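Participant: I have a structure I would like to understand better, so I am pasting it below and will then ask my questions one at a time.
The values are calculated or read from the model by the stated rules, or taken from the named source; none is laboratory data. Everything quoted here is computed from the prediction, not taken from an experiment. Ideal geometry is used to build each Cβ from the backbone, glycine not excepted, and the neighbour counts take in all protein chains shown.
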Amino acid sequence: MNGFIGEFFGTLILILLGAGTCAGVNLRKTYGTGSNWAYISIAWGLAVTMGVYVGGALGSDGHLNPAVTIGFAVFGFFPWGDVVPYLLGQFLGAFVGAALVIIQFYPHFKASPDEASGNIVGIFATRPAISSPLFNFFSEVIATWGFTFILLNLGDFTQGLKPFIVGTLITVVGMALGTTTGFALNPARDWGPRLAHTVLPIPNKGSSEWGYAWVPMCGPIVGGVLAAGLQVLVA
């Protein structure tokens, strides 16, 4: 139960701060409208840092990410018996975090009448800069592989200053590899908020783009499993 609680609140914080940044950048009439990619990458890095601290303090390993949980479990770095509670916490936490962002920015969604004004599903979920499904998939595999492989070599990343190291890792992955697909790296980070965008009453919302959603689900999981497999081979 501690694993579920830690992952739920850690992922909630991750999405509240991360998707909140995207809302502030994209929607009209916020003080952050139009900020650049570096701003977004740094903010997502800090969002992960704070989520890992919360998750670790509440009794989980601070994965906040099904690609990490599944990849670790496949190669024995994490017990299979804890996988389902972790995944439930991650997806539910992401959904609730997105719901809080909708409440926070509700007047700004109303002030942003269409995609041209920044009211896009990309506030909550990822979408590719160039739609090329196979290469979008490869982008997510490569980015998540690099992220997870480095993570595996950090040891217990919930302790001391290590969550900040994880945050800087997210930031550099976002700056280096995230400009192609928005660097989901994390199926819960994408599908939980995408579902919130689909079912909750957001003013002026457009398509939730579920036709693309297989990429941020499958790509990160494959990348996480490949990273854990490599770790077994070389460690």
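Participant: Check whether at least one residue in region 33-47 is of a type in the set (Ser, Thr, Tyr), farther than 25 Å from Val215 by Cα and outside any helix (DSSP H, G or I), and report yes or no.
Facilitator: yes
Participant: Select, from Thr158, Thr198, Thr144, the only residue that is in contact with a Leu (Cβ under 6 Å, 6 or more places away or on another chain) and hydroxyl-bearing (Ser, Thr, Tyr).
Facilitator: Thr144
Participant: Can you pull out every residue in region 70-92 that is farther than 22 Å from Lys205 by Cα, in contact (Cβ under 8 Å) with a residue 60 or more places away in the chain and part of a helix (DSSP H, G or I)?
Facilitator: Hits for region 70-92 are Ile70, Gly71, Phe72, Val74, Asp82, Pro85, Tyr86, Leu87, Leu88, Gly89, Gln90.
Participant: Name the residue, out of Val25, Val54, that is at pLDDT 95 or above, closer than 15 Å to Gly167 by Cα and either β-branched (Val, Ile, Thr) or in a helix (DSSP H, G or I) (or both).
Facilitator: Val54 is the lone residue from the list that is at pLDDT 95 or above, closer than 15 Å to Gly167 by Cα and either β-branched (Val, Ile, Thr) or in a helix (DSSP H, G or I) (or both).
Participant: Please verify whether region 123-136 includes one or more residues that are more than 17 Å from the chain's Cα centre (by Cα), within 15 Å of Trp214 (Cα to Cα) and among the hydrophobic types (A, V, I, L, M, F, W, C).
Facilitator: yes
Participant: Now a separate question. Looking only at region 116-165, how many residues end up being surrounded by fewer than 22 Cβ atoms within 10 Å (Cβ to Cβ), in contact with a Gly (Cβ under 8 Å, 6 or more places away or on another chain), at pLDDT 95 or above and polar (S, T, N, Q)?
Facilitator: Residues flagged as surrounded by fewer than 22 Cβ atoms within 10 Å (Cβ to Cβ), in contact with a Gly (Cβ under 8 Å, 6 or more places away or on another chain), at pLDDT 95 or above and polar (S, T, N, Q) within region 116-165 amount to 0.
Participant: Also, quick follow-up: Residues that are in contact with an Asp or Glu (Cβ under 7 Å, 6 or more places away or on another chain), acidic (Asp, Glu) and touching a residue at least 60 places away in the same chain (Cβ under 8 Å): which helices (runs of 4 or more DSSP H) entirely in region 139-235 hold 2 or more of them?
Facilitator: Ranges flagged: none.
Participant: Separate question: Report yes if some residue within region 29-37 is in contact (Cβ under 8 Å) with a residue 12 or more places away in the chain and small (Gly, Ala, Ser); otherwise report no.
Facilitator: no
Participant: Among the candidates Gly45, Gly93, Gly24, Gly89, which residue alone is buried (at least 24 other Cβ atoms within 10 Å of the Cβ) and within 20 Å of Ile170 (Cα to Cα)?
Facilitator: Gly93
Participant: Can I ask one more? Ser131 is checked against (1) among the polar types (S, T, N, Q); (2) more than 25 Å from Gly62 (Cβ to Cβ); (3) assigned to a helix (DSSP H, G or I) and fails just one. What number does that condition carry?
Facilitator: Failed condition: (3).
Participant: Inside region 121-134, can you point out the residues that are in contact (Cβ under 8 Å) with a residue 40 or more places away in the chain and not aliphatic (A, V, I, L, M)?
Facilitator: Gly122, Phe124, Thr126, Arg127, Pro128, Ser131, Pro133
Participant: From the list Gly6, Gly56, which residue is of a type outside the set (D, E, K, R) and buried (at least 21 other Cβ atoms within 10 Å of the Cβ)?
Facilitator: Step by step, each of Gly6, Gly56 is checked, and only Gly6 is of a type outside the set (D, E, K, R) and buried (at least 21 other Cβ atoms within 10 Å of the Cβ).
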